[in-house]
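The values are calculated or read from the model by the stated rules, or taken from the named source; none is laboratory data. Bear in mind the structure is a predicted one, so any value in this text is a computation, not a measurement. Here the Cβ positions follow ideal geometry from the backbone for every residue, glycine too, while neighbour counts run over all protein chains shown. In case anyone asks, the SASA skips ligands and DNA or RNA and just uses the protein heavy atoms, side chains included. Shrake-Rupley method; radii C 1.70, N 1.55, O 1.52, S 1.80 Å.
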Amino acid sequence: MKKFLTALILFLFPPWLANRIVRLWGVRIEGKIGFSWVACDHCTIEKGARIQNFCYVRLPSLTMRRGARIKMFNRIKGSFTMEMEPEAVINFASKITNAPALKYRNTKLLLGEMAVLGVSTRVDMTGNVTIGAFSVFAGAGSELWTHSYYHSREVPKRFRIDGDIIVGKNVYIGSRCIITAGVSIADNISIGAGSVVSKSLEKSGLYVNQPLRFLEFDPDEKIRTLEQIPDAPVDLVYRRKM
């Protein structure tokens, strides 16, 4: 009941008034919360920290240290706790959740000092996720998955595989990377855009997905094998044969 009353006051009242009211029953909010729904059993938002507009945050425990920011349109919901160290950032439109059916223990998301989750990052909190200080998920669309499944040859039968994800300090991860369950990434590593990281990386340096390959290709020769679609409104259009 207390967390929903707190959320309602934070949602309806201006920050300077809402913060004073909720402090009466031990909720420590010194930063700012915009037009967002924040319902947490335990909530600490230090001075300079901020949750921007149109976010939905529903957690057992939320801690935001000085200068930490949750930007607009984020959905953060589940049975996990979250702690953001000073100046850590969750960028726009990210989704951080765990499903009740997949939960078997209390888990935690920890964002180190000045760590950044990029735009539209998807974080599965079935297991723990730790992002070290100064590490950045750049661009947009990266995913972190802390559970997967093995499907047995004996149908129907499958096994869930859980694993924590640990990203070290000063790590750069490009757009649309996928980090799978049980992966640990050491300090001072850069990962190129579009990479799938399915095993732990222990040596500092640059990692990329499969290299770009050269293939012999003559477009003028290839086009003669295709059927042209007549009266296309813009360009010459051809239909690929099955």
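For residue 43, enumerate residues with amide H under 5 Å from its amide H, sequence gap 5+ or separate chain, H modeled in the peptide plane.
When sequence neighbours closer than 5 places are left aside, the close amide H contacts are 28, 62.
Taking the solvent-accessible surface of protein heavy atoms with a 1.4 Å probe, what is the per residue accessible area of segment 82-190 in Å²?
In whole numbers, segment 82-190 has 45 Å² accessible per residue.
In whole Å, what three semi-axes, largest first, describe the equivalent ellipsoid of segment 52-168 built from its Cα gyration tensor (square root of 5 times each eigenvalue)?
They are 27, 14, 13 Å, listed from largest to smallest.
Going by average Cβ neighbours within 10 Å, how do the peptides 175-185, 145-155 rank, with the highest at the top?
Result, highest mean Cβ count within 10 Å first: 175-185, 145-155.
Highest mean first, what order results for 129-137, 159-167 on Cβ atoms within 10 Å?
129-137, 159-167
Considering only protein heavy atoms and a probe of 1.4 Å, how much of the accessible area of segment 98-202 is carbon and sulfur, as a whole percent?
53
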